[in-house]
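The structure appears below as structure tokens.
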Amino acid sequence: MGVEAAAGLSGGRGGAERLGELIPVALRGLANGIAERGGPVPAGGPAAVAAALAAAGGGTGVLPRTGVGEEHALEELSALLAAGSADPADPACAAHLHCPPLAVSVAADVVASALNPSMDSWDQAPVASELEREFTTGIARLCYPAAAGADAVVTSGGTESNLLGLLLAREASGIAVRPVCGANSHHSVARAAWLLGLPAPVVVACEDDRMVPSALAEALAKLGAAAVVVATAGTTNTGRIDPLPEIAEICHRAGARLHVDAAYGGMALCSETLRPRVAGLELADSVALDMHKFGWQPVAAGLLAARDGADLAALTVRAEYLNADDDTEAGLPDLLGRSIRTSRRPDAFRMAVTVRALGTEGIGALVERCCATANGVHTLVAAHPGLRSWGAPELSTVVFRPRVADELGESSGDELVARVRRSLLESGTAVIGRGLLPTGPDGAPQLWLKLTLLHPHTGPEDYRPLLDRVAATAAAECATVARQSPVAS
């Protein structure tokens, strides 16, 4: 096929029409790939997936010298991607904070991709920039309802938001601040400190996967205002929320800044029922939120809110061709100072479309459903003869462990738990998570399984077969080990 025939644009005259012709082709490939996979994840493990990709297109690969045409390439590779992807819309795909995106957000993403506004200068994104400004102002009010000067910016997710939180603290303090965080904090906190040239974080003790206020107070007694504390509202392993009001008071007394990583739990602000669980967010200097978790957006959809919008001036940078002084003085908005990135997608557009469609109440209702389902699944785990629960969920994470693992030695039990997860993954049966928690003898780390439930249209009974499969797989793995043991023979 000629290059011109296979190089149609998505915008301009005729662009929408051509896009309308190609979208059904993509959807057909998507449906065919899902049917071929037949489960939550492709079976066979990494080698099988690599072999399927290598065999694509008769072995010609994805960089052929001569193109095969738009429709052929689109349908073929869409089917290949769908067949080889984990499907977060399947209840058995519940390992990570990886949500099934809402159809309305995906449709909005198509529009944004077709028009391709680049959010680094106003002349590339006139309406997109104004829409982003209005959306981020609303997010800032959600986090800081009583702060007149609050503001927010769009990020790629919690990792970037945590980086910005520490960056704002460094710039606001004018000194080399020392990060302080709980043992439950996300790995991005230590990474952000490294990237910013800050000392490694002081790690304080946790109980029940929550920061211990007295341990924080002890750490700040030595650091005072030379610290930035990072608390967590929704830990990765268990979904626990740190005692934010107490932490904020300790920070206030010490003169330390407070950043809250609420990438997981922050959107509970949209629920009247769940909002009390994140009380204290409004006391933080900055807050990280993700709408590609509780928000059901395609990746990436992160936000960083600051109680004092003036803090965001730390992001200011000048590039004459993007935000010249005379342009900004004439009234053209400065987008370059709204991110540490230059070229970036209009991610606020699909977030805004989604919230306009559902309202914050609608988002809150979906968060409530996921949390209610998690409570129901916890009840099933607690009643299951083959499983043991770590504890009742605070958000939508259910942590559990096969009972047969407890009958083995500590290392053997952890090895069994790890094998169960891999067995389910490699068979294409399920994608479940794992996490180390200090539940072994004398607080030693012990391996647990977890379900992170972000599917708003499922109920507890949708997960009963998965729980049964985990227990059965653990029993089978244990029996296999017993048969292979020299003692057993």
Test: residue in region 6-14 that is open to solvent by 60 Å² or more (accessible area, probe 1.4 Å), farther than 28 Å from Arg421 by Cβ and out of contact with any helix residue (DSSP H, G or I) (no Cβ under 8 Å at 6 or more places or on another chain): yes
Looking at region 381-411, which of the residues that are closer than 15 Å to Pro445 by Cβ and not acidic (Asp, Glu) is surrounded by the fewest Cβ atoms within 10 Å (Cβ to Cβ)? Gly409
For Gly61, the lone unmet condition from (1) farther than 30 Å from Thr452 by Cα; (2) open to solvent by less than 30 Å² (accessible area, probe 1.4 Å); (3) out of contact with any helix residue (DSSP H, G or I) (no Cβ under 6 Å at 6 or more places or on another chain) is (2)
Just name the residue that is farthest from Arg469 (Cα to Cα) out of those in region 92-122 that are open to solvent by 50 Å² or more (accessible area, probe 1.4 Å) and part of a loop (DSSP other than H, G, I, E, B). Asn116
Out of curiosity, is Ala313 modelled with pLDDT of 95 or more and either over 16 Å from Thr136 (Cα atoms) or open to solvent by 10 Å² or more (accessible area, probe 1.4 Å) (or both)? yes
Taking Gly376 and the conditions (1) in contact with a strand residue (DSSP E or B) (Cβ under 9 Å, 6 or more places away or on another chain); (2) under 26 Å from Arg240 (Cβ atoms); (3) open to solvent by less than 30 Å² (accessible area, probe 1.4 Å), which numbered condition does it fall short on, given that it satisfies the others? (1)
Tally time: how many residues in region 224-243 are within 29 Å of Gly174 (Cβ to Cβ) and surrounded by 24 or more Cβ atoms within 10 Å (Cβ to Cβ)? 8
Give Ala89, Ala43, Ala31, Ala35 a once-over and let me know the one that is at pLDDT 90 or above, surrounded by fewer than 16 Cβ atoms within 10 Å (Cβ to Cβ), of a type in the set (A, V, I, L, M) and not in a helix (DSSP H, G or I). Ala89
What residue, among those in region 123-153 that are open to solvent by 90 Å² or more (accessible area, probe 1.4 Å) and in a loop (DSSP other than H, G, I, E, B), is nearest to Arg350 (Cα to Cα)? Pro145
Is at least one residue of region 426-442 open to solvent by less than 50 Å² (accessible area, probe 1.4 Å), small (Gly, Ala, Ser) and in a helix (DSSP H, G or I)? no
Picked from region 204-221 (must be of a type outside the set (Gly, Ala, Ser) and surrounded by fewer than 18 Cβ atoms within 10 Å (Cβ to Cβ)), the residue nearest to Trp390 (Cα to Cα) is Asp208
Hey, among the residues in region 171-191 that are part of a helix (DSSP H, G or I) and surrounded by 20 or more Cβ atoms within 10 Å (Cβ to Cβ), which one's farthest from the chain's Cα centre (by Cα)? Val189
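The values are calculated or read from the model by the stated rules, or taken from the named source; none is laboratory data. What you see is a predicted model, and the numbers here were worked out from it, not measured in a lab. For neighbour counting, all protein chains shown are included, and Cβ atoms are generated from backbone atoms with ideal geometry for every residue, glycine included. Just so you know, the surface numbers come from the protein's heavy atoms only, side chains and all, with ligands and any DNA or RNA stripped out. Shrake-Rupley method; radii C 1.70, N 1.55, O 1.52, S 1.80 Å.
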